[in-house]
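Peer 1: Have a look at this one.
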Amino acid sequence: MKRLLGGTAYSIMGFVKAFQLKPYKGRLILSDGVVKEGSMLVMSVGNSRFAGGGYEVAPQANLTDGLLDVAVVSGRRPDNLSRWVDELRDPVNPRNKHLLYRQLSSFTMEMEKPLHVNLDGEPIKGTHFEFQCCPKALSVVLGDAASRQSNYVR
């Protein structure tokens, strides 16, 4: 399907999976102290715009801003599918009711029941998770060998 549809395949499979998921209840404690309680179907956290296959999951992410981009799809089912599609197309719209998108330096997630989480390919399970962006924790070299000295990103 990926060869036929490209990045759209991820969206289609995401919708199929989302309708098979059962919401998890819990709360997010944001870095400013705001608590968001409710249920979620899917959550994405990253500091880069793209996930596997080049699918854009965090449109405002920047590797050097010291922030994590957090997107949470609410466990409340929309009245119509087009509402979900509209919100996924414009995740930063403050009027979104089913998609929460924030940029945070850190946050905590507390769930009522254990949640399976995939952290960069490593599966873990728990009810309490703390996320924090650690600026300049990784050195990356860009470009060819001749230009490496001037292309360090921290």
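The values are calculated or read from the model by the stated rules, or taken from the named source; none is laboratory data. This one's a predicted model, so the numbers in the text were calculated from it and none came from an experiment. Backbone-built Cβ (ideal geometry, glycine too); neighbour counts: all protein chains shown.
Peer 1: State all residues of the range 1-49 that are among the small types (Gly, Ala, Ser) and at pLDDT below 60; if no residue qualifies, say none.
Peer 2: Residues satisfying the conditions are GLY6, GLY7, ALA9, ALA18.
Peer 1: Further question: Please name all residue pairs, on different chains or six or more residues apart, with Cβ atoms under 7 Å, provided the first residue is in the range 87-112 and is in contact (Cβ under 8 Å) with a residue 60 or more places away in the chain and the second residue is hydroxyl-bearing (Ser, Thr, Tyr).
Peer 2: So the pair list comes out as LEU104/SER31; SER105/SER31; SER106/SER31; PHE107/SER31; GLU110/THR127; MET111/TYR24; MET111/THR127.
Peer 1: Here are some conditions: (1) on the phi > 0 side of the Ramachandran plot; (2) in a strand (DSSP E or B). VAL70 meets all but one. Which one does it not meet?
Peer 2: Answer for VAL70: the failing condition is (1).
Peer 1: Moving on to the next point. Is at least one residue of the range 127-136 modelled with pLDDT of 90 or more and over 16 Å from LEU30 (Cβ atoms)?
Peer 2: Looking through the range 127-136, at least one residue is modelled with pLDDT of 90 or more and over 16 Å from LEU30 (Cβ atoms).
Peer 1: Scan the range 53-87 for residues that are of a type outside the set (S, T, N, Q), more than 22 Å from GLU130 (Cα to Cα) and more than 12 Å from the chain's Cα centre (by Cα) and jot them down.
Peer 2: GLY53, GLY54, ARG76, ARG77, PRO78, ASP79, LEU81, ARG83, TRP84, VAL85, ASP86, GLU87
Okay, residues lined up against (1) hydrophobic (A, V, I, L, M, F, W, C); (2) out of contact with any strand residue (DSSP E or B) (no Cβ under 9 Å at 6 or more places or on another chain); (3) outside any helix (DSSP H, G or I); (4) modelled with pLDDT of 85 or more:
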| site | (1), (2), (3), (4) |
| --- | --- |
| GLY53 | no, yes, no, no |
| GLY66 | no, yes, yes, yes |
| ASP79 | no, yes, yes, no |
| GLU87 | no, no, no, no |
| LYS97 | no, no, yes, yes |
| MET109 | yes, no, yes, yes |
| GLU112 | no, no, yes, yes |
| VAL117 | yes, no, yes, yes |
| LYS125 | no, no, yes, yes |
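Peer 1: Looking only at the range 27-51, how many residues end up being surrounded by 14 or more Cβ atoms within 10 Å (Cβ to Cβ) and either of a type in the set (Phe, Trp, Tyr) or not in a strand (DSSP E or B) (or both)?
Peer 2: The number of residues fulfilling the criteria is 4.
Peer 1: Keeping to the range 61-120, report how many residues are within 16 Å of LYS25 (Cβ to Cβ), among the acidic types (Asp, Glu) and exposed (fewer than 13 other Cβ atoms within 10 Å of the Cβ).
Peer 2: Total satisfying the criteria: 1.
Peer 1: Quick one: would you say ALA137 is more than 12 Å from the chain's Cα centre (by Cα) and more than 23 Å from LEU21 (Cβ to Cβ)?
Peer 2: Considered against the rule, which asks whether it is more than 12 Å from the chain's Cα centre (by Cα) and more than 23 Å from LEU21 (Cβ to Cβ), ALA137 comes out as yes.
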